[in-house]
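What follows is one structure encoded as structure tokens, with my remarks underneath.
Read-outs throughout are calculated quantities, based only on the coordinates presented, and are distinct from any laboratory measurement. Computed from a predicted structure; not experimentally measured. Virtual Cβ from ideal backbone geometry, glycine too; neighbours counted across all protein chains shown.
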Amino acid sequence: MVRNEEIRRHGSAALRILTVAAVYYGSAQLGLLQQLVRGQVSPLWPPTGVAVASLLILGLRIWPGIALGAFLVNVSIGPSLPAVLSITAGNTLAPVCAYLLLRRAGFHNELDRLRDVLALIFLGALGATLISSTVGSGALVLAGALQPSDFWPTWSVWWTGDAMGVLVVAPFLLVIRTARWPRAPLSRWAEATALLLGTLSVTYLATGTSITSLLFLVFPFLIWAALSFQLAGAAPCALAVSTLAILAAARRIGPFAHQDLFVNMVTLQAFNGVAALTALLLSAVIIERNRTHEEIRRVFAQLSEMVAQMEPRPGTYQWPPPDDEEGRDRDR
């Protein structure tokens, strides 16, 4: 019985590892469709977000799944086996470091506090991904796949792509993990549908025209999503906005037409970064505000109950006694 239980436990762990590897590999294939540098560096690298979310949900034991997925992705496009192994090590170490830093900071998977969003931004997205971008770009240069002069352009695309994967993909996965089919009125479903269609339509319009300022039209929908649905609405909308913007940049249309790689990257990642930060930060602030209001109502209810218990009941003795006008007249 004990041996069967042990076999079942190990089999379950192996299945989780293989599932993470498969999801990592599949998301990498989607990311490679929007590659901008050397056929393997994308401005949005979903596998990094998948890796960080998997570690946060399943724990540190699934890191072999990340390593296996990264190896399978890079072995087919890498210039040499040593470079592939180096890139795999960097792609594995970065999300592991992000996980350790986030857990050290007391990160909540629900992203229900402002400090959780700030930790995800600075520790998970901007900090830990320096490892993968530096190791990966350096490996390509040492392998001769890149000229030394191309190190910094490649590094910048790699770093921002990994960072955007953490900022956009990881919150979405954390949201759908705890998503439940809500029993909401029809008006609520109509609002959600209008929000989704409006976000997709406006983003498609803004990224399909050469007027860069039209990109600002997206932000009212992100604010709407955060105000009405918090993270459950903000994370999917941010992912949709970023995906459409990256598709436009990869095809060099709209605001990304007739521009070089550096200008397109600055425009794209500035837009994606601000969109993700707006959605995540505002949703966290709204969640904290709602929680504060609930706490105030709870305390008020407790105080009201205490005051009601302190009020004298009919027929009970009171001290000090009420004024007795007749008694004072008799004393006179």
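Structure data summary
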| read-out | value |
| --- | --- |
| Gained length - THR19 relative to LEU60, 0.36 nm times residue gap less alpha-carbon distance | 13.3 nm |
| Between the range 236-283 and the range 101-154, the alpha-carbon center distance in angstrom | 18 Å |
| Kirkwood hydrodynamic radius of the range 204-308, Cα pairs, Å | 15.5 Å |
| Table column - 3J(HN,Hα) (Hz), the range 298-307, Karplus curve with 6.51, -1.76, 1.60, x for Gly and Pro | 5, 5, 4, 5, 5, 5, 4, 5, 5, 5 |
| Prolate/oblate/rounded call for the chain, Cα gyration tensor, a/c under 1.5 rounded | prolate |
| 17 Å cut-off, amide nitrogen to a point 7 angstrom out along ARG298 Cα→Cβ, residues in the range 112-144 | 112-113 |
| Exposure proxy ranking, count of Cβ atoms within 10 Å, fewest first, for PHE107, PHE221, PHE300 | PHE300, PHE107, PHE221 |
| Shape of the range 1-179, Cα gyration tensor, a/c cut at 1.5 | oblate |
| Virtual spin-label span in nm between PHE122 and GLU110, 7 Å along Cα→Cβ | 2.4 nm |
| Length-normalised contact order of the range 1-179 in % [C-alpha pairs under 8 Å, at least 6 apart] | 28 percent |
| Residue of ALA250, ALA53, ALA170 that the Gaussian network model of the chain assigns the largest fluctuation, springs spanning Cα pairs under 10 Å | ALA250 |
| Residue with peak Gaussian network fluctuation, the chain [Cα springs, cutoff 10 Å], from SER156, SER12, SER27 | SER12 |
| Integer Hz, Karplus 6.51/-1.76/1.60 couplings in order for the range 135-152, x for Gly and Pro | 5, x, 5, x, 5, 5, 5, 5, 7, x, 6, 10, 6, x, 5, 8, 4, 5 |
| Efficiency of FRET between SER213 and GLN29 - r from beta-carbon atoms, R0 45 angstrom, step 0.05 | 0.85 |
| Computed lengthening from LEU72 to LEU205, 0.36 nm per intervening residue step minus Cα-Cα distance | 44.2 nm |
| Residue among ASP112, ASP150, ASP162 with the largest mean-square fluctuation in a Gaussian network model of the chain, springs linking Cα atoms under 10 Å | ASP150 |
| ³J(HN,Hα), Karplus 6.51/-1.76/1.60, whole Hz, each residue of the range 195-211, x for Gly, Pro | 5, 5, 5, x, 5, 5, 5, 5, 5, 4, 5, 5, 8, x, 10, 7, 8 |
| Of the trypsin sites (Lys or Arg not before Pro) in the range 176-252, those whose Cβ has at most 11 other Cβ within 10 Å and which sit in DSSP loop | ARG180, ARG183 |
